[in-house]
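For reference, the structure is listed below as structure tokens.
The values are calculated or read from the model by the stated rules, or taken from the named source; none is laboratory data. Bear in mind that the values here come from a model prediction, so they are computed numbers and not experimental data. With ideal geometry, Cβ positions are generated from the backbone for all residues, glycine too; neighbour counts draw on all protein chains shown.
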Ligand SMILES: O=c1ccn([C@@H]2O[C@H](COP(=O)(O)OP(=O)(O)O[C@H]3O[C@H](CO)[C@@H](O)[C@H](O)[C@H]3O)[C@@H](O)[C@H]2O)c(=O)[nH]1
Ligand SMILES: O=C(O)[C@H](O)COP(=O)(O)O
């Protein structure tokens with residue numbers, strides 16, 4: 001790691017336990033806070049996450065919104081019952097051609113929330129604790145020079161306490177170390193739990209699909225500089241794992257994001273189809289998926 005990155009890590013890394021709720025309530029003042037959960041078919045987990053935030057953090061969180069990302073199950077009803085405001089992704093900014101995926105859900109959440117600070121939490125988390133939210137807010141509420149905070153944690157996989165984050169370890173981390181060594185101090189660069197100032201988030205583009213996390217990290221580094229970025233150790237994260245085949249699609253979206261940032265060629269101009277293979281009685285059969293990503297412009301320009 002570069003010496004300046006090591007120094008940054010020492011300065012800008014903390015733990016959720018460093019940010020107890022009473023101290024955050026004191027620091028909050030008039031700052032408003034929105035928590036956003038993107039959710040696609042998360043009926044098993046979204047209700048518990050919403051209920052825990054409503055139960056534990058009523059004085060801290062002003063707005064709790066689930067963006068229903070084209071769920072085909074009753075995710076929306078479960079989230080509503082647990083106490084969230086639920087908004088369908090495709091009903092936000094209906095004059096725009098709808099795009100797909102998580103990045104689109106997060107970008108659109110900027111148009112329907114009002115908090116000065118936004119906290120994004122994946123809605124497939126199991127064993128969720130509200131220290132995820134307080135931990136991410138700590139640096140933002142107590143230091144005006146911090147603009148963006150990423151969560152980090154241990155990632156169990158199967159019976160092992162570590163080993164999760166296959167796309168992180170095999171794709172994102174090597175790409176980051178090769179091309180953006182300033183970001184190499186992030187323990188979980190793809191973490192789905194992060195928080196930022198609206199003033200910063202509205203000034204950067206959002207990549208659709210699973211390119212959103214890498215895109216935000218690179219673009220916020222460019223906009224604000226490394227010292228405005230921080231990370232907080234949230235302990236342990238348990239989530240539902242996708243198949244290796246599905247993660248191939250995620251990896252392709254992350255690689256397209258990196259490529260666009262390296263070349264300056266905007267995303268969305270071409271289509272990428274990924275060919276994978278499944279064994280059948282006839283041998284190895286090709287299976288093709290559209291894994292294209294596009295990009296939304298900074299929300300500040302859209303809302304003005
Ligand atoms: O079209 C979609 C797909 C997913 N999601 C939600 O986004 C979250 C994360 O999606 P998931 O498929 O569980 O991603 P992971 O396999 O956990 O992937 C990791 O890596 C991704 C790429 O950086 C990040 O987007 C994730 O947050 C991070 O957890 C979940 O709440 C999903 O319901 C949507 O809202 N819309
Ligand atoms: O963040 C990642 O790398 C992907 O979500 C894959 O995670 P998993 O290997 O823990 O399923």
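Scanning region 15-34 for residues that are touching a residue at least 12 places away in the same chain (Cβ under 8 Å) and not in a helix (DSSP H, G or I) gives 15, 19, 20, 31, 32, 33, 34. Go through region 98-123 and give me each residue that's under 28 Å from residue 246 (Cα atoms), surrounded by fewer than 21 Cβ atoms within 10 Å (Cβ to Cβ) and either within 8 Å of ligand 1 (Cβ to nearest atom) or in contact (Cβ under 8 Å) with a residue 12 or more places away in the chain (or both). Of everything in region 98-123, just one residue is under 28 Å from residue 246 (Cα atoms), surrounded by fewer than 21 Cβ atoms within 10 Å (Cβ to Cβ) and either within 8 Å of ligand 1 (Cβ to nearest atom) or in contact (Cβ under 8 Å) with a residue 12 or more places away in the chain (or both), namely 100. Just one of the listed residues (169, 182) is out of contact with any helix residue (DSSP H, G or I) (no Cβ under 6 Å at 6 or more places or on another chain) and either more than 15 Å from ligand 2 (Cβ to nearest atom) or outside any loop (DSSP other than H, G, I, E, B) (or both), namely 169. Would you confirm whether any residue within region 267-277 is assigned to a helix (DSSP H, G or I) and either within 14 Å of ligand 1 (Cβ to nearest atom) or in contact (Cβ under 8 Å) with a residue 60 or more places away in the chain (or both)? No, region 267-277 contains no residue that is assigned to a helix (DSSP H, G or I) and either within 14 Å of ligand 1 (Cβ to nearest atom) or in contact (Cβ under 8 Å) with a residue 60 or more places away in the chain (or both).
In the set 148, 194, 153, only one residue is in contact with a helix residue (DSSP H, G or I) (Cβ under 8 Å, 6 or more places away or on another chain) and within 16 Å of ligand 2 (Cβ to nearest atom); that residue is 194.
Scanning region 45-58 for residues that are at pLDDT 95 or above and either away from ligand 2 (no atom under 16 Å from the Cβ) or buried (at least 24 other Cβ atoms within 10 Å of the Cβ) (or both) yields 46, 47, 48, 49, 50, 51, 52, 53, 54, 55, 56, 57.
Taking region 62-80 as the region of interest, how many residues are more than 14 Å from residue 42 (Cα to Cα) and either modelled with pLDDT under 95 or in contact with a helix residue (DSSP H, G or I) (Cβ under 8 Å, 6 or more places away or on another chain) (or both)?
As a first pass, look at region 62-80 and keep what is more than 14 Å from residue 42 (Cα to Cα): 62-65.
Adding the requirement that they be either modelled with pLDDT under 95 or in contact with a helix residue (DSSP H, G or I) (Cβ under 8 Å, 6 or more places away or on another chain) (or both) leaves 64-65.
Total meeting the criteria: 2.
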